[in-house]
Amino acid sequence: MSWPIISITAFLAGGLIVVSERWHGRYTGDVDLHKPQAMHARAAPRVGGLAVVAGTLAGLLVLGPRNMTLGWLWPALFVAVLPVFMAGLLEDITKDIGSGKRLLAAFLSAAIAWWLLGGISRVGLPWVDGWLSAWPVLSLLFTMLAVGGCTHALNIVDGMNGLAGMIASLIALSLALVAWQVQDVPIFLIATALASATLGFLAWNFPFGRVFLGDGGAYFLGFMLAELAVQLVVRNPGVSPFYALAVLFYPVFETLFSIWRRKFRRGVPVDQPDALHLHQLVFRRLVRVTFSRDRRHAVPALCNAMASPYLWVLALISLVPATVWWDDVRILGLSMVAFAAVYVWLYVRLITWRRPRWLLLPSLGRRGRSD
């Protein structure tokens with residue numbers, strides 16, 4: 001089996017980034033610890049995405065010759081991802097590639113994938129499906145918006161050690177399981193390669209944050225996952241189009257909620273960074289309060305990482321039903337409604353300082369207090 005090799009390759013590539021930090025850290029390090037979205041206490045390289053790409057590519061190079069069914073799919077995906085991955089990587093190094101340019105790069109990558117592999121032709125609504133089939137330009141525009149938006153969305157949730165990486169791994173595993181059930185071997189192999197490479201990277205990222213995924217890594221994973229979800233639906237008529245949305249629902253909902261919060265609640269530009277994402281509220285109001293009571297035990301990186309499992313569990317509300325009932329529109333819809341309801345409930349409770357006591361971490365002191 002090649003999957004351990006993939007994880008080991010990504011792990012070794014991540015280790016190389018860490019041990020060589022003294023030479024490239026001034027360019028790749030996330031040194032601005034005072035920006036609104038910063039949740040880490042020490043600078044670390046932001047180019048961990050290189051480890052994920054290295055592991056995935058190495059795995060597919062090994063799997064490709066042995067599994068001829070992979071065919072054109074994985075090379076086409078790697079060609080298509082280049083614009084958005086390079087835009088993200090340049091941002092990690094130069095800190096000077098605006099979010100608008102990176103979003104345009106995501107749209108360009110989605111357009112290339114549409115040209116090479118085809119795009120969205122059905123969404124589960126007959127009248128819309130008719131238009132998408134009859135007008136290729138509509139399919140192109142819809143694919144660019146959906147895939148480009150989902151690509152950008154994963155970067156939105158990349159704010160805590162292990163958060164985006166584990167969410168991406170869970171999504172990839174879901175895609176792999178559904179692909180296995182419908183006997184789509186190429187998508188199964190690519191999704192498992194992505195999951196294996198991301199887990200290899202996570203050994204350096206979680207819990208202590210020795211290296212970050214960075215924009216390049218988040219965009220690479222976001223694009224690959226979004227495009228695999230699209231291709232799984234396109235290639236397999238039995239898979240509901242709503243599955244593609246449900247499996248990516250956490251980053252998508254986080255993005256839409258952030259746009260609504262910034263534009264309509266706060267009246268600020270939608271691309272203005274802030275510290276009001278749900279994972280940041282979980283960090284400050286459920287996790288950090290425990291460490292602030294027990295300063296002698298406080299470990300900043302561990303404090304950061306302990307916020308991530310809250311969001312992993314939250315993501316499973318839509319991920320698990322989507323993986324099991326990938327062909328049932330009603331259950332897929334209910335799973336997304338349930339996720340949105342829990343998300344909004346928790347957000348409102350945290351933003352108004354009415355945090356649920358049962359979600360607080362136990363105190364690290366000898367008395368084991370919970371509040």
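Since every read-out is calculated from the coordinates, none of them should be taken as a lab result. A quick note: this is a predicted structure, and the numbers were derived from the prediction, not measured. Counting neighbours? That spans all protein chains shown, and the Cβs are built from the backbone with ideal geometry, glycine included.
Helix 3-19 sits at what angle to the longest principal axis of the chain, using alpha carbons and giving 0 to 90 degrees rounded to 10?
Tilt of helix 3-19: around 50 degrees.
Using the Karplus equation 6.51 cos²θ - 1.76 cosθ + 1.60 (θ = phi - 60°), what ³J(HN,Hα) coupling, rounded to whole Hz, does each residue of region 110-125 give in order, writing x for Gly and Pro?
5, 5, 5, 5, 4, 5, 7, 10, x, x, 5, 10, 8, 10, x, 10
Take peptides 239-250, 101-112, 194-205 and line them up by average Cβ neighbours within 10 Å, highest first, as a rough protection proxy.
The packing order, highest mean first, is 194-205, 239-250, 101-112.
Decide, for region 39-161, between rounded, prolate and oblate: order the square roots of the alpha carbon gyration tensor eigenvalues as a ≥ b ≥ c, take rounded if a/c falls under 1.5, and otherwise choose prolate if a/b is larger than b/c, else oblate.
oblate
Can you tell which of A244, L12, S139 lies farthest toward the positive end of the dipole of the chain, using +1 and -1 charges on the Cβ of basic and acidic side chains (Lys, Arg; Asp, Glu)?
Looking along the dipole axis, the top candidate is L12.
Taking the highest mean first, how do the peptides 140-147, 207-214, 223-230, 262-269 order by number of other beta carbon atoms within 10 angstrom per residue?
223-230, 207-214, 140-147, 262-269
Once phi is turned into θ = phi - 60°, what whole-Hz ³J(HN,Hα) does the Karplus curve with 6.51, -1.76 and 1.60 give for every residue of region 165-182, x standing for Gly and Pro?
x, 6, 4, 4, 5, 5, 5, 4, 5, 4, 4, 5, 5, 5, 4, 5, 5, 9
Would you order C303, C150 from fewest to most other beta-carbon atoms within 10 Å of each residue's own beta-carbon?
Least crowded to most crowded, the residues run C303, C150.
Compute the signed sum of charges (Lys and Arg +1, Asp and Glu -1) over the other residues within less than 9 Å, Cβ to Cβ, of A87.
0
Mind pulling the angle between the C-alpha long axis of helix 308-324 and the longest principal axis of the chain? Nearest 10 degrees, somewhere in 0 to 90.
Tilt of helix 308-324: around 30 degrees.
What angle, in degrees between 0 and 90 and rounded to the nearest 10, separates the Cα long axis of helix 49-66 from the longest principal axis of the Cα atoms of the chain?
On a 0 to 90 degree scale, this one is about 30.
What are the ³J(HN,Hα) couplings of region 329-342, residue after residue, when phi is run through the Karplus curve with 6.51, -1.76, 1.60 and θ = phi - 60°? Round to Hz, x for glycine and proline.
Coupling constants for region 329-342: 4, 5, 5, 4, x, 5, 5, 6, 5, 4, 4, 4, 5, 5 Hz.
Mind sorting D30, D327 by how few other Cβ atoms lie within 10 Å of their own Cβ, fewest first?
By the 10 Å Cβ count, ascending: D327, D30.
Roughly speaking, what % of Cα-Cα pairs in the chain are separated by over 33 Å, rounded to a whole number?
When all Cα pairs of the chain are counted, 27 percent exceed 33 Å.
Out of residues 5 or more away from G29 or on other chains, whose amide H comes under 5 Å of its own, with H placed 1.01 Å from N in the peptide plane?
It is R46, by chain and number.
Contact order normalised by length for the chain, with contacts defined as Cα pairs under 8 Å and 6 or more residues apart; what percent is it?
Contact order relative to length: 21 percent.
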